[in-house]
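> Starting off with a structure, shown below.
The values are calculated or read from the model by the stated rules, or taken from the named source; none is laboratory data. Keep in mind it's a predicted model, so treat the numbers as computed, not measured. Neighbour counts run over all protein chains shown; Cβ positions are idealised from the backbone, glycine included. Ligands, DNA and RNA are stripped out before the accessible areas are found, and what is left, the full protein with its side chains, is counted by its heavy atoms. Shrake-Rupley method; radii C 1.70, N 1.55, O 1.52, S 1.80 Å.
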Amino acid sequence: MSSRNNRSLPLLPGFLVGWGTTTFGAGLAQPLLAVYLKETVGLPTSGVSFYFGLFAVAGLAVNPLIGTFGARWDPGRVAVFATVPQTAGALLLVQADSMSTVMLAALLSGSGTGTYYAVQTPVLSGAFGESSLSRVLSAQNQITAATMALGAVAGGQLADRLGTTGFQLGIAGNGVSYLLYGIALARVLRLRYGAGARPGAFSGGLEDGPRERGAARRRTPFTNTTFLLLLLLQGALVTFGLVQLDTVLPVVLRDAAKLSVSAGSLVLAVNSLSVLLIQPLALRVVHRIGYVNALRAAVGVWAVSLTALFGAVHVTGQWLQLTLAALFALVFSVGECLIAPSVQPLVVALAPPGRMPAYAAATSLVHGLGGFLAPMMCLPVFTAGGIQAYLILQLVGYATAAGTLVPLGRRTRHLRQEREDGKQLVGAAPDGGR
């Protein structure tokens, strides 16, 4: 590891404490939100889908500004500012009693979340070093798993024991956690760069490359055909995988498997704890087999996990249903652990010098689009066709991801990226992503 990384990684524990605070808050709200909107606010299933869709659209709407202002204002400061609308949106949702209030909450939360994730990669790579990005993302994923597991259990207990008040406390806790994370992140960045850091200091080398106008910077990722393949892959992974646990799975477990809110929270807790235990091993596997091969394995694991979800809906006996749902969550977590340290390092490797903010904003755009499409497609399909139609749609998404990995593996075979243990081929380990 370079001396720069040795200097910056001591700040990682402080960052992870702040990150764990906000992910604990997310865990409180995750098993509650869809059910809260349906049963407490009184929205129909289409209204729940609309909330998540509007949340994603808000993130998409702010994304084109990030390529320009994320660099001009400094990604670090943008990331800290993004926690303000996130906080406001969650707190507003606690008081929601109409569709208009729910819409405003979705706009605030979605715009803040979209802004933050558009700049997270340049913030982390700038603060901790590009060669340590996989390590930082892996540690971040572990903290997310542990804190969301605790939050999910706590949120489920709040809802079951306190009813509407419990739902509101969980969602309010999520809002406050965003604000606390913003404070922690500001402190880490101040320690890393100093109070008088120049604009662009948090940009991950923004000023190392040519200075282009913001519009040109935003277009650049979409003229890189290899990067477009990565965006298509990311879209499939997000739409049919990563956001399913937040937006669709709670409804599937509630309506198809007839599991209680606390049982659904337990399933999510199993997923989070599995990530906590599996992530260190998964990181070693990723470094051994390469990013592209790790993503191939993740897609295959996710496809296999659907058999357990199918069984959870069709068997009789609540304990057997809960066991199979937990098995699904465990197997699904293996794919998550392989993906977490694999996608963003490919983004960094494909981004030309000085253009990482624009490339990171493009990945955030696709992530937001996936968040929009997932509930808008999957919940109506589940409502109309049941679990069989939903699982078929999932398999189509995984087939799309697997198909994209074929040309992506060929095109990234000769790209080189600095890692903690030296330089290796991206997507190769060392057989070259075949």
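> How about the range 32-46: which of its residues are open to solvent by 10 Å² or more (accessible area, probe 1.4 Å) and not aliphatic (A, V, I, L, M)?
The answer is Lys38, Glu39, Thr40, Gly42, Pro44, Thr45, Ser46.
> Residues in the range 48-100 that are under 30 Å from Thr165 (Cα atoms), at pLDDT below 80, crowded, with 22+ Cβ neighbours inside 10 Å and more than 18 Å from the chain's Cα centre (by Cα): how many?
Looking only at that region, the number is 1.
> Before we move on, is Leu158 surrounded by 23 or more Cβ atoms within 10 Å (Cβ to Cβ) and either on the phi > 0 side of the Ramachandran plot or modelled with pLDDT of 85 or more (or both)?
The answer is no for Leu158.
> So which of Val285, Val275, Val313 ends up being over 23 Å from Thr225 (Cα atoms), crowded, with 24+ Cβ neighbours inside 10 Å, out of contact with any Phe, Trp or Tyr (no Cβ under 9 Å at 6 or more places or on another chain) and in contact (Cβ under 8 Å) with a residue 24 or more places away in the chain?
Details: Val285 fails: crowded, with 24+ Cβ neighbours inside 10 Å; Val313 fails: crowded, with 24+ Cβ neighbours inside 10 Å.
So the residue among Val285, Val275, Val313 that is over 23 Å from Thr225 (Cα atoms), crowded, with 24+ Cβ neighbours inside 10 Å, out of contact with any Phe, Trp or Tyr (no Cβ under 9 Å at 6 or more places or on another chain) and in contact (Cβ under 8 Å) with a residue 24 or more places away in the chain is Val275.
> While we're on this one: Inspect all residues belonging to the range 151-163 and state whether any of them is under 28 Å from Ala340 (Cα atoms) and of a type in the set (S, T, N, Q). Lay out the reasoning, then the answer.
Here is the first cut: in the range 151-163, the ones under 28 Å from Ala340 (Cα atoms) are 151-156.
Applying the additional criterion that residues be of a type in the set (S, T, N, Q) yields none.
No, there is no match, as no residue in the range 151-163 is under 28 Å from Ala340 (Cα atoms) and of a type in the set (S, T, N, Q).
> When you go through (1) under 16 Å from Gly370 (Cα atoms); (2) touching a helix residue (DSSP H, G or I) at 6+ places or on another chain (Cβ under 7 Å) one by one for Phe50, which number turns out not to apply?
So the condition that Phe50 fails would be (2).
> For residues that are open to solvent by less than 40 Å² (accessible area, probe 1.4 Å), of a type in the set (Val, Ile, Thr) and modelled with pLDDT of 85 or more, tally how many sit in the range 316-358.
4
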